[in-house]
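The values are calculated or read from the model by the stated rules, or taken from the named source; none is laboratory data. Note that the structure is a prediction, hence the values are computed from the model and not measured. Here the Cβ is made from the backbone with ideal geometry for all residues, glycine too, and neighbour counts use every protein chain on show. Keep in mind that these areas ignore ligands, DNA and RNA; they rest on the heavy atoms of the full protein, side chains included. Shrake-Rupley method; radii C 1.70, N 1.55, O 1.52, S 1.80 Å.
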Amino acid sequence: MDIQEYFSLVINDYTLRTITLGTAILGGVTGMLGSFAVLRKQSLLGDAISHAALPGIAIAFLITGSKDTNTLLIGALISGLIGTFWIRGIVTKTHLKSDTALGLILSLFFGFGMLLLTFIEKQPNANQAGLDKYLFGQAATLVESDVWLMATVTGLCLLVLLFFWKEFKLFLFDADYAKTLGFNTKFIDILITSFIVLAIVLGLQTVGVVLMSAMLLAPAAAARQWTNSLSTMVFLAAVFGAVSGVLGTAISASQNNLSTGPVIVIVASVFVVFSFIFSPSRGLLFRQIRFIANRRDLELQKTLAFMYHIAETHDNISHPHTIKILNNFQGYTRKTLQKLVDKGYVTLDGTMWSLTEKGFETAANLYNQQAIKDE
Amino acid sequence: MSEIKIQEKTSVSEHKMAVQVDDLTVAYNYKPVLWDIDLEIPEGVLMAIVGPNGAGKSTLIKAILGILKPIAGSVTIYGKPYDEQRKLVAYVPQKGSVDWDFPTTALDVVMMGTYGSLGWIKRPGLKEKKASLEALEKVGMLAFKNRQISQLSGGQQQRIFLARALVQDASIYFMDEPFQGVDATTEIAIINILKELRKAGKTVIVVHHDLQTVPEYFDWVTFLNVKKIATGPVKDIFNDDNLTKTYGINYKVSIQE
């Protein structure tokens, strides 16, 4: 299936269109909100919330006996919120660190949820099958109304973001300071957290409890590598998330229905790996290149400085010296000498070298942080 | 009326009281960090709060600013509760209290100082930007306005924090260890700005660690070690006696009766 064919299928086929739209919107909103979670150093929060949602799904089913997505997601929302506020409570009221609280709530709720799921499985009720799809998600079950719901929440989230942008930024950077300026930090905190919970719950059907936190973190972590501006980061994270959704759906649809959720998560992770390596300012590759370049520059400077100290002792700075002198000096190699000649700092004459006017001046200014590479 | 009464009560009656702390007690769990603090800070002083590690110096500032909830006691700013006087107060937190890898620029951080007077939702405009640029210039950081904050040195980060407080255009400035980890040039730059603030009639309260510079930099000092040991003019109370009381003996305050 080529790309054109796939595109026409996305437009014409109801299921594929719904899934593509749904995963794109989901990726966008989780990427956006994930930026906030990452910047607050609450990366684990998403994981805890999604796992905490599981017992809610099971209990909602036990009470209503219905498999209707919205009913189950309301259950997920309630137990997700309960889990979140328990975490907050544990952190503020006890000595426990937040990672401990997150881990505790995560495993407690998830364990309880699994217990309920196995209990439901043993019930003599034909309606029970399929609850375990919330573990790893099943994008194929998305219907148009689900997409509408996602779009509404995303729109609402965008509006709130635009309204409270200044407050969010201040709160994320320096919450104590925000408090002294008279902002209700508790309100901002609850607002952000509630949206994160909402986004996670919406994604459970598609990506599932276990992998949901990757949707939150991966796009944000990738986006952080490319920019030093908060607004750009949030925007990029949304784009990365949405593209992961679309690409992941495409791959899973064209490869004999691989499970969509995991594929999306893998695509998002590819974004992360790529960003960590290739980002110009923070990426590993360019950092290594800069490191090597700097070391080379330093070697040149060291050699030049050594020559400068020799030349200094003569009235004529271009007085020739034998190359052998340099052998006492560790930074010297044939290559560095040739480079200095290329730069016009040094002239060579057989086995003798001499400093040029330009080389002398550059060396004299080396200690004034006048790096050679500035030339 | 009540304001006048407070003035009459104070020991330094020729001064208006900028900050008044009454019976302030703060505890983390069962361990009291501040015990029954009474403190009056007259208007226009440049005051150091000194004391050993864990003496509650930062806690005192945070409790005055309402960041921490005290168990007991009250704080007034020019005779009224802090909530009503917010706009008169600016705060410079410890440099290490935030993540400097946050994706934002120096100018952006300084602009945050204008958020308080803007209130909810309203965005900073030209006026706020101009004020922020002026503050950056005052601390000698104008050239770095678009620099990502993680690419600033420790001293430069401290100056950015100072500029953010200057933009608030307050009457009272609280600063938590502004000299920590800065080089000599920055220290001189900061102290000059503090002295300028005092000259303009502002009150400046600084958590300070370097005892040797207290007489040179400050005119008022508070010794603190869980309890308030002493407070007053540097020339009167900055002596061995108070230093020994603050640093020499390990004060153990128990809340058991």
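With the condition kept exactly as written, say whether any residue in region A:123-132 is away from chain B (no Cβ under 14 Å), among the small types (Gly, Ala, Ser) and touching a helix residue (DSSP H, G or I) at 6+ places or on another chain (Cβ under 6 Å). No, because not a single residue in region A:123-132 is away from chain B (no Cβ under 14 Å), among the small types (Gly, Ala, Ser) and touching a helix residue (DSSP H, G or I) at 6+ places or on another chain (Cβ under 6 Å).
Among the residues of region B:111-156 satisfying the criterion of being away from every other protein chain (no Cβ under 12 Å), in a helix (DSSP H, G or I) and within 21 Å of the chain's Cα centre (by Cα), which is nearest to A:ASN184 (Cα to Cα)? Restricting to residues being away from every other protein chain (no Cβ under 12 Å), in a helix (DSSP H, G or I) and within 21 Å of the chain's Cα centre (by Cα), the top hit is B:SER132. Under the condition of being open to solvent by 30 Å² or more (accessible area, probe 1.4 Å) and over 22 Å from the mean Cα position of the chain (by Cα), the residues counted in region A:128-145 number 11. The set of residues in region A:151-167 that are within 15 Å of A:ALA199 (Cβ to Cβ), in contact (Cβ under 8 Å) with a residue 24 or more places away in the chain and within 14 Å of another protein chain (Cβ to nearest Cβ) comprises A:VAL160, A:LEU161. Scanning region B:193-250 for residues being within 14 Å of the chain's Cα centre (by Cα) and part of a loop (DSSP other than H, G, I, E, B) gives a total of 4. Among the conditions (1) within 14 Å of chain B (Cβ to nearest Cβ); (2) under 27 Å from B:ASP108 (Cβ atoms); (3) among the β-branched types (Val, Ile, Thr); (4) open to solvent by 20 Å² or more (accessible area, probe 1.4 Å), A:THR92 misses just one, which is (2). Screening A:LYS302, A:LYS335, A:LYS324 for residues that are exposed (fewer than 14 other Cβ atoms within 10 Å of the Cβ), within 44 Å of the chain's Cα centre (by Cα) and not assigned by TED's automatic domain parsing to the domain that holds A:SER213 leaves exactly one candidate, A:LYS335.
The set of residues in region B:112-144 that are surrounded by fewer than 22 Cβ atoms within 10 Å (Cβ to Cβ) and either in contact with a strand residue (DSSP E or B) (Cβ under 7 Å, 6 or more places away or on another chain) or aromatic (Phe, Trp, Tyr) (or both) comprises B:TRP120, B:PHE144. Just one of the numbered conditions (1) at the interface with another protein chain (Cβ under 10 Å from one of its Cβ atoms); (2) closer than 29 Å to A:THR92 by Cα; (3) in a loop (DSSP other than H, G, I, E, B) is not true of B:PRO52: (1). With respect to the conditions (1) open to solvent by 20 Å² or more (accessible area, probe 1.4 Å); (2) facing another protein chain (nearest Cβ under 9 Å); (3) in a strand (DSSP E or B); (4) not aromatic (Phe, Trp, Tyr), B:SER74 lacks only one, and its number is (2).
For region A:75-84, the condition of being in contact with a helix residue (DSSP H, G or I) (Cβ under 8 Å, 6 or more places away or on another chain), farther than 21 Å from A:VAL153 by Cα and of a type in the set (A, V, I, L, M, F, W, C) holds for none of the residues. Of the numbered criteria (1) crowded, with 24+ Cβ neighbours inside 10 Å; (2) over 26 Å from A:GLN255 (Cβ atoms); (3) of a type in the set (S, T, N, Q), the one A:SER43 fails is (1). Annotation note: Cβ proximity below 6 Å between a residue of region A:214-230 that is within 14 Å of chain B (Cβ to nearest Cβ) and over 20 Å from A:LEU44 (Cα atoms) and a residue that is open to solvent by less than 20 Å² (accessible area, probe 1.4 Å) and outside any helix (DSSP H, G or I) (sequence gap 6+ or interchain) occurs for A:TRP226/A:SER279; A:ASN228/B:PRO103; A:ASN228/B:GLN148; A:SER229/B:PRO103; A:LEU230/B:PRO103; A:LEU230/B:THR104. Considering region B:83-94 alone, what residues qualify as being touching a strand residue (DSSP E or B) at 6+ places or on another chain (Cβ under 9 Å) and either under 19 Å from A:PHE173 (Cβ atoms) or open to solvent by 20 Å² or more (accessible area, probe 1.4 Å) (or both)? Within region B:83-94, B:GLU84, B:GLN85, B:ARG86, B:LEU88, B:ALA90, B:TYR91, B:VAL92, B:PRO93, B:GLN94 meet the criteria.
Within region A:308-318, is even one residue open to solvent by less than 90 Å² (accessible area, probe 1.4 Å), at pLDDT below 75 and in contact with a strand residue (DSSP E or B) (Cβ under 7 Å, 6 or more places away or on another chain)? Within region A:308-318, one or more residues are open to solvent by less than 90 Å² (accessible area, probe 1.4 Å), at pLDDT below 75 and in contact with a strand residue (DSSP E or B) (Cβ under 7 Å, 6 or more places away or on another chain).
Screening A:TRP148 with (1) touching a helix residue (DSSP H, G or I) at 6+ places or on another chain (Cβ under 9 Å); (2) surrounded by fewer than 20 Cβ atoms within 10 Å (Cβ to Cβ); (3) over 20 Å from A:THR232 (Cα atoms); (4) more than 12 Å from chain B (Cβ to nearest Cβ) gives one miss only, at (1).
If you go through region A:29-74 and keep only what is of a type in the set (Val, Ile, Thr) and over 21 Å from the mean Cα position of the chain (by Cα), you end up with A:ILE57, A:ILE59, A:ILE63, A:THR64, A:THR69, A:THR71, A:ILE74. Out of A:THR23, A:THR30, A:THR84, one residue alone is within 30 Å of A:SER231 (Cα to Cα), open to solvent by less than 60 Å² (accessible area, probe 1.4 Å) and touching a Leu at 6+ places or on another chain (Cβ under 6 Å). It is A:THR30. Checked against the criteria, B:LEU107 does not count as assigned to a helix (DSSP H, G or I), more than 14 Å from chain A (Cβ to nearest Cβ) and open to solvent by less than 20 Å² (accessible area, probe 1.4 Å). Residues in region A:191-202: is at least one facing chain B (nearest Cβ under 10 Å) and out of contact with any Lys or Arg (no Cβ under 8 Å at 6 or more places or on another chain)? Checking region A:191-202: not a single residue is facing chain B (nearest Cβ under 10 Å) and out of contact with any Lys or Arg (no Cβ under 8 Å at 6 or more places or on another chain). State yes or no: is A:ALA178 open to solvent by less than 40 Å² (accessible area, probe 1.4 Å), assigned by TED's automatic domain parsing to the domain that holds A:PRO55 and within 18 Å of the chain's Cα centre (by Cα)? Spelling it out, it is not the case that A:ALA178 is open to solvent by less than 40 Å² (accessible area, probe 1.4 Å), assigned by TED's automatic domain parsing to the domain that holds A:PRO55 and within 18 Å of the chain's Cα centre (by Cα).
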